[in-house]
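The values are calculated or read from the model by the stated rules, or taken from the named source; none is laboratory data. Since the model is a prediction, treat every value here as computed from it, not as a measurement. Quick reminder, even Gly has a Cβ in these numbers, built from the backbone with ideal geometry, and neighbours come from all protein chains shown. Note: areas computed on protein heavy atoms with side chains; ligands, DNA, RNA excluded. Shrake-Rupley method; radii C 1.70, N 1.55, O 1.52, S 1.80 Å.
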Amino acid sequence: MGTSRNVERRTILKVAGGAAATLGLATTTACGGDSGSGDGNVTLRYAWWGGEPRTIAMKKAIAVFEKKYPKIKIKPEFTDYAAFWEKFQTQASGGNPPDVFQNAVGFLRKYDKRGVLMDLKSQADSGNLDLKNFRNGVLANGQVDGKQLGIPVGANTMALVIDLNAFKKAGVEAKMGWTWDEYFDALQTIQDKLKIAGDTGYFSIMYLYDLYLRQNGKAFFTDSDLGFTEDDLTQWWSDGYKRVKAGLVADPKKIEQVQPKSGLSAGLAAGEFTWDNFSIRYEGEGESDYGLAPIPTTNGKDTGQYLGSLMLSAFSGSKHPKEAAQFISFMVHDPEVGKIMGYDRGILSTTEQYDAFVPTDDQNKGVKAYEEEVAKAGVLGKITPHPSGADVVETAFLRIGGEVAQGKTKPADAAKALFSEAKAAFAG
Amino acid sequence: MTLVKEAPARPAKKRSAAPAAGRRGRRRENIAGYLFMSPWIAGFLVLTAGPMIASLYYAFTRYNLFTPPEWVGLDNFQTMFQDPRWQKSVEVTLKYVVVATPLKLLLALGVALLLAQKRSGQGLYRAAFYMPSLIGASVSVGFVWRALFSDDAIVDRTQKIFGVDVGGWIGNPDYVIYALVALSIWQFGAPMVIFLAGLKQVPQELYEAAEMDGAGPLRRFWNITLPMISPVLFFNVLLESIHAFQVFGSAYVVSNTQCGPADATLVYTCYLYQKGFKEAQMGFASAMAWTLVVAVALVTAVLFWSQKKWVHYEEAAK
C-alpha cells in the first residue's frame, strides 16, 4: 500500500465518526416526540381524517386559533379514514400519538381500554375546556363509564340519499314514517319503470342494520357483545341476497368497480343509505340531483335514529394537557371556526357555532332541514354502546355482507362467520 | 466486536510463517473493512435481525401492541390452521403462484429468444420490454390496472367484441385474481434479462453442428438451448416463485385496500397485513409470517432437490 500510516489512521477515524453519526441519528429520531421549547411556546400535534375540502377548511381554522393563542403552534397530520386508524394504532402503541385527534364513537372504548384517551373532565374542571352549550345532549356521545373521552364537533344521523330525478320519474314518493315493505315496493317500482336498481346494497351497512334492530327493540351492540342473534342476521342477509338476485339492489360487482365513487353517484342505483353529512359529496360526484329521504320503519313511527358524531380527543400522555384542552374548546366553540368548517363533520354541535354558520347552498340547507325534521318528529333516541373492537366488527360486517351479495357465502354461514370474528375482536 | 478479533486470527494460524508486519497490515485492513461495513451491519442487526427475532417470539404470544405480549404457546398456529380466512388466503396465494409464475417465465423466455437475435435496434427493444419491471411495483400501476380491468373499461370492451361478456374483472370474485396474474406477467423484464444473458452463453458451434446434422429450429431449441440455459431457468423459477409467494402491493391496490371482493384477492401477505395492522393481532400476524418463511423454504428445498433431474451444469457434462 502506498499510503502513509497517518493518512490511514485519519481515514479510520473518519469512518468511525461516520458510523457513530449514523447511530446517533437513529437515537435522535427515536425520541423526536418532544414538542416543547424553552421560550414558553408549545407545539401540539393535531391529526384528523378526511378529504381535501376538510383539510383546506381545517388549516384555515387552525390559523384562526394560532392568531388568538400566539404561544401555541399546531402541527397538522391528516390522511384518509382507513390509513388514519392504521397509523394511529402504530403511533399510539409506540406511546407517540398526536396530542389532539379526531375520533368516533366506535373507537372510544377501544382506546380507553388501552389508556390512550385523556379524561377531559379534569380539564373542564380547571377551566381549560368549556362543556356548556352543546345541542340536543350530543355531549353524551363522548362519555364512557363516567369519563368524557371525546368532545363532539358535529352531529349527524343516518339518512337515505336518493336520486331525486329517478324517484320523480318512477313516481315514487319517500315519506316520513314509511315502512320497509313500502320501501321495497318502491325499489320494485323503480326497477319496473327505470330498469335500474333502487338501492346500492343496504344490507352490509352496519349502522343501518343497527337502526333496523333498534326499531325492533334490539341494537347492534351491547356494552361488550353483539345485541342480536345469528338467526336475526341470517334473515337480514337472506332477504338482502334475494333482492340482489331480483335486481332491486345493485349488482355488487359493479358497485365494487366504481369505488371510490359511490354506486349512487355512478348511476347504478337510485338510493343509498349513509350519514346525512356525507350527502354533500354526491352533487360533486354525480350528474343528477340528490336529496335526503327518511329512514324506513317497522311500525310506521320509530326510525331508530340517533345523533352520532365526530369528536376531538386528547392523548392521555400529552405533555401539554392544558393547551390541548384549550385547543379543543376553541375548535368546538369559536363562531369563526364554525363558519369555516360548516357541516363538513355534521351539524355543528355547540350553539355558538350553530348560530354562526348559516348555510347558503342547497346541500347544506338540505342537511340542516333534514336534521331539524328528524328532531321535530321526536324519533331520536340515545346512541347505543360500542364495545372495544367495534371498528373491526364493522369492517367484517361490510366484507362478509359483500360476500353474501356476491353469492360467495350462504347467509347462514356468513352470519356464523361474523359472530366468530366478532368474538375474536371483542377479546382483542 | 468479537468478529473483529477473530477474523484476523484465522489467516494468522494458516500462515504462521508470514512476517509480523504483514500480519499487522492485514489486521488493519480487516478493521477498516469492518468499519466500512458497520453502518450496514448496524442496520442489519437493528432493522432486520432484531425484528425477526422479536417476531419469532411474538408468534407464540397474544400481542395487541398496547398490553405486554402474553405467552400462549402454539395457540396462534392452532387458530391459524383452523381459520377459514387463513385457508382462503393460502388457496388464493397458491393459485396465484401456480398460474402467474410459469406464464411470466414463458413470456420472458419467448421474448428473450426474440431479443437474442442479431437485428438492428435490439437495444431499444430490450429497454422497452424491460421498462415495465422498473415501474411495476409502484402503486400508480395498481391504479392503472384497476382502471384497465374495470367494468366498461378497455379490457371489458375488447372482450365484448369477441362476444365474451363478464362485465369487468375487478368486481368479479371469479376473475379478479387473473387481473393480478396479468399484472405479474406484464413485469417479465427481470427474468427476461437473465434469460438473455443465459442465451448469450450458449456456444454457437453447438447450433452450427446441429444444423449440419439437419436439426430444425424446434429441435435445436429443445436439445441445445433448453438444456444449456437450464441453470438460468432454474434460477428464474426459484426467484419468481419466491416473489410470487410474497405478492402484496398489487393485490392491495387493485382491491382498493380490501383484498376483495369476497376475499378473492386475499393473498397471504394481505391477510397478514390486515391481522397485524388493522386488527392489531401482532401475535397471529407473526405466526403467519413464520409459517410463510417455512413454506417458502420448503418450496425452495423441493426445487433444489428437483434440479438434479433437469438442470444441466457444464461441469457435470465434462
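Any idea which of A:Ala324, A:Tyr306, A:Ala170 is furthest toward the positive side of the dipole for chain A, if Lys and Arg beta-carbons carry +1 and Asp and Glu beta-carbons -1?
Going by the charge dipole, the pick is A:Ala324.
Along the charge dipole of chain A, pointing to its positive end and built from +1/-1 on Cβ of Lys, Arg, Asp and Glu, which listed residue (A:Gly154, A:Tyr46, A:Gln143) has its Cα farthest out?
Looking along the dipole axis, the top candidate is A:Tyr46.
List the residues of region B:145-184 whose accessible area drops by at least 10 Å² when all protein chains are present, compared with their chain alone, using a 1.4 Å probe and counting only protein heavy atoms.
B:Arg146, B:Ser150, B:Asp151, B:Gly167, B:Ile170, B:Gly171, B:Asn172, B:Pro173, B:Asp174
What length, rounded to one decimal in nm, is gained on full extension from B:Leu124 through to B:Glu211, with 0.36 nm per residue of separation minus their alpha-carbon distance? Let's see the in-between values first.
Values: separation 87, 0.36 × 87 = 31.32 nm, distance 3.00 nm.
Here the answer is 28.3 nm.
Of the candidates A:Pro98, A:Pro152, A:Pro359, which one comes out as most mobile in a Gaussian network treatment of chain A with C-alpha springs shorter than 10 Å?
Checking each option, the largest mean-square fluctuation is seen for A:Pro359.
In peptide A:259-272, how many Cβ atoms from other protein chains are near each Cβ within 10 Å, on average? Could you put the intermediate results ahead of the total?
Numbers: counts 9, 1, 0, 0, 0, 0, 0, 1, 0, 1, 0, 0, 0, 0.
Partner-chain Cβ atoms within 10 Å, mean over residues of A:259-272: 1.
Please tell me the relative contact order of chain A in percent, rounded to the nearest whole number, where contacts are Cα pairs under 8 Å and at least six residues apart. Show your work: numbers first, answer last.
Working: 720 pairs, mean separation 102.5, N = 428.
That works out to 24 percent.
As a test of the definition: with a 1.4 Å probe, what buried accessible area, both sides summed, do you compute for A against B, in Å² to the nearest 100? Walk me through the intermediate numbers first.
Details: alone 20070 and 19490 Å², together 36650 Å².
Buried: approximately 2900 Å² between B and A.
Take every residue in peptide A:90-97, count the Cβ atoms of other chains within 10 Å of its Cβ, and give the average of those counts. Could the numbers behind the result be given before it?
Details: counts 4, 0, 3, 7, 1, 1, 0, 0.
Per-residue shielding by partner chains comes out at 2.
Could you grab the relative contact order for region A:171-302? Cα pairs under 8 Å, six or more apart, rounded to a whole percent.
Numbers: 166 pairs, mean separation 50.2, N = 132.
Computed value for region A:171-302: 38 percent relative contact order.
In region B:269-285, what residues drop by 40 Å² or more of accessible area when the other protein chains are put back, versus the chain on its own? Use 1.4 Å, and skip ligands and nucleic acids.
Residues meeting the cut-off: B:Phe277, B:Lys278, B:Glu279.
Among B:Leu106, B:Leu124, B:Leu196, which one shows the biggest mean-square fluctuation in a GNM of chain B, springs joining Cα atoms closer than 10 Å?
Looking only at B:Leu106, B:Leu124, B:Leu196, the largest GNM fluctuation is found for B:Leu124.
Could you tell me which of A:Phe278, A:Ser288, A:Gly267 has its Cα farthest along the dipole of region A:255-309 towards the positive end, charges placed at Cβ (Lys, Arg +1; Asp, Glu -1), taken about the Cα centre?
Comparing the listed Cα positions along the dipole, A:Phe278 ranks first.
Rounded to the nearest 0.05, what FRET efficiency do A:Trp180 and A:Lys75 have when you use their Cβ-Cβ distance and R0 = 56 Å?
Numbers: r = 48 Å, r/R0 = 0.86.
Efficiency, from the Cβ-Cβ distance: 0.70.
Could you report the protein assembly as shown's accessible area per residue, 1.4 Å probe, as an integer in Å²?
Details: 36650 Å² over 746 residues.
With the other protein chains kept in place, the protein assembly as shown gives 49 Å² per residue.
Highest first, please rank the peptides B:156-163, A:318-325 by the mean number of other Cβ atoms sitting within 10 Å of their residues. Don't skip to the answer; put the middle values down first.
Working: B:156-163: 11.1, A:318-325: 20.5.
My ranking of the peptides, most packed first, is A:318-325, B:156-163.
About its Cα centre, how strong a charge dipole does chain A have in debye, to the nearest 20, once Lys and Arg get +1 and Asp and Glu get -1 at the Cβ? If you can, show how the numbers build up before the last one.
Numbers: 50 positive and 53 negative charges, 309 e Å.
It works out to roughly 1480 debye.
Any idea of B:Ser120's accessible area? Nearest 10 Å², probe 1.4 Å.
Result for B:Ser120: roughly 110 Å² accessible.
Could you work out the mean count of beta carbons from other protein chains within 10 Å of each residue's beta carbon in A:396-403? Don't skip to the end; give the middle numbers.
Working: counts 2, 0, 2, 9, 2, 0, 6, 6.
Whole-number average of other-chain Cβ neighbours for A:396-403 is 3.
Please give the charge dipole size of region A:249-353, origin at the Cα centre, charges +1 on K and R Cβ atoms and -1 on D and E Cβ atoms. Round to the nearest 20 debye.
Values: 9 positive and 14 negative charges, 73 e Å.
Roughly 360 debye for region A:249-353.
Please report the relative contact order for region A:185-240, taking Cα pairs under 8 Å with a sequence separation of at least 6, and give it as a percent rounded to a whole number.
Numbers: 36 pairs, mean separation 12.4, N = 56.
Reported as a whole number, the value is 22 percent.
Of all accessible surface on the protein assembly as shown at a 1.4 Å probe, what whole percent is carbon and sulfur? Working shown, then result.
Working: 21960 of 36650 Å².
Carbon and sulfur: 60 percent of the exposed surface of the protein assembly as shown.
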